[in-house]
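Shown next, in structure tokens, is the structure this report addresses.
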Amino acid sequence: MSLKEEQLKKLQAECETCMGCPLGKTRTKLVFGVGSADAQLMFVGEAPGEQEDLSGIPFVGRAGQLLRSYLSYVDIPADSVYIANVLKCRPPKNRDPLPEEEAACQEFLWEQVRIIQPKMLVCLGRIAAAKLIKPDFRITAEHGMWFEKNGKLITAVYHPAALLRNPNYKSAMLADMQEIKRKLDSFV
Ligand code: URA
């Protein structure tokens, strides 16, 4: 196991016992994160849904399948990236995360970023973008725009669940994913 893998494992163990907000009591499983500890590209979603809560793995439901199909289409191996969420526990009935839940959980996400050191962060949807880019992020107007924060490139794309609800967003998603791949290749 690499040093980064060990550090992630230790952090996950800490996170497993977290009761920093009431979601610690209602979760079935903690959904810490999945993927390569050496990822150059890290995706951050909102919070686990039902399938994720049951399996303990982020983005395994329909939205996740769609995300993986975009990765495959633009030739990014799913196991080369890291995928996590702003919240590690499922909010009841998939409601939006509360500010106090985000506050209680955020140090785990920052620590994941510190360990993995990805070159690029991609927010999946408005909630992650509001947390990671700027509070008033407008996903319709600002998806696919690039920002720089602490030496990392950061952007946001539509949340794959939004694409399931509104297929009109799919062409924008494809263009954004192609640009992500182009930028990723420019690092190699
Ligand atoms: N939606 C998210 O934001 N995260 C998941 O892990 C699954 C669905």
Quiz item: Rounded, prolate or oblate: which one fits the stretch 52-188, using the alpha carbon gyration tensor with axes a ≥ b ≥ c (rounded when a/c is under 1.5, else prolate when a/b beats b/c, else oblate)?
Solution: rounded
Self-check item: Cα-based reach from residue 4 at 15 Å (exclusive), listing aspartates and glutamates while leaving out same-chain residues under 8 positions away
Solution: 38, 111
Exercise. Scan the stretch 104-162 for chymotrypsin sites (Phe, Trp or Tyr not before Pro) in coil per DSSP, keeping those whose Cβ has at most 13 other Cβ atoms within 10 Å, and list them by number.
Key: 146
Self-check item: Accessible area in square angstrom per residue, the stretch 44-188, 1.4 angstrom probe
Solution: 48 Å²
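Decide, for the stretch 119-161, between rounded, prolate and oblate: order the square roots of the alpha carbon gyration tensor eigenvalues as a ≥ b ≥ c, take rounded if a/c falls under 1.5, and otherwise choose prolate if a/b is larger than b/c, else oblate.
Since a/c reaches 1.5 and a/b is larger than b/c, the shape of the stretch 119-161 is classed as prolate.
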Quiz item: Hey, what did the stretch 97-188 get for relative contact order, percent, Cα under 8 Å, at least 6 apart?
Solution: 24 percent
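If I require 18 Å or longer along the helix axis, counting alpha carbons, and a Kyte-Doolittle average no lower than -0.5, what helices from the chain are left? Use full DSSP H segments.
Sorted by number, the helices that extend far enough and score high enough are 99-116.
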Exercise. Enumerate the calculated ³J(HN,Hα) couplings along the stretch 126-132 in order (Karplus 6.51 cos²θ - 1.76 cosθ + 1.60, θ = phi - 60°), each rounded to whole Hz, writing x wherever the residue is Gly or Pro.
Key: 5, 5, 5, 5, 5, 6, 9
Quiz item: If you roll a 1.4 Å probe over the stretch 1-109 with all protein chains in place, what percent of the accessible area is carbon or sulfur?
Solution: 52 percent
Quiz item: Of all the accessible heavy-atom surface of the stretch 132-175, with the other protein chains kept in place and a 1.4 Å probe, what percent is carbon and sulfur?
Solution: 53 percent
Self-check item: Residues with amide H under 5 Å from that of residue 153, placed H, sequence gap 5 or more
Solution: 121
Exercise. Over the chain, calculate the relative contact order: mean separation of alpha carbon pairs under 8 Å at least 6 apart, over the residue count, as a percent.
Key: 24 percent
Practice problem: Hand me the trypsin sites (Lys or Arg not before Pro) from the stretch 76-125 located in a DSSP loop with no more than 10 other Cβ atoms within 10 Å, in residue order please. | Solution: 95
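The values are calculated or read from the model by the stated rules, or taken from the named source; none is laboratory data. Nothing here was measured: the structure is a model prediction, and the numbers come from that model. FYI the Cβ positions are ideal-geometry reconstructions off the backbone, even for glycines, and counts take in every protein chain you see. Only protein heavy atoms, including side chains, enter the accessible area calculation; ligands, DNA and RNA are left aside. Shrake-Rupley method; radii C 1.70, N 1.55, O 1.52, S 1.80 Å.
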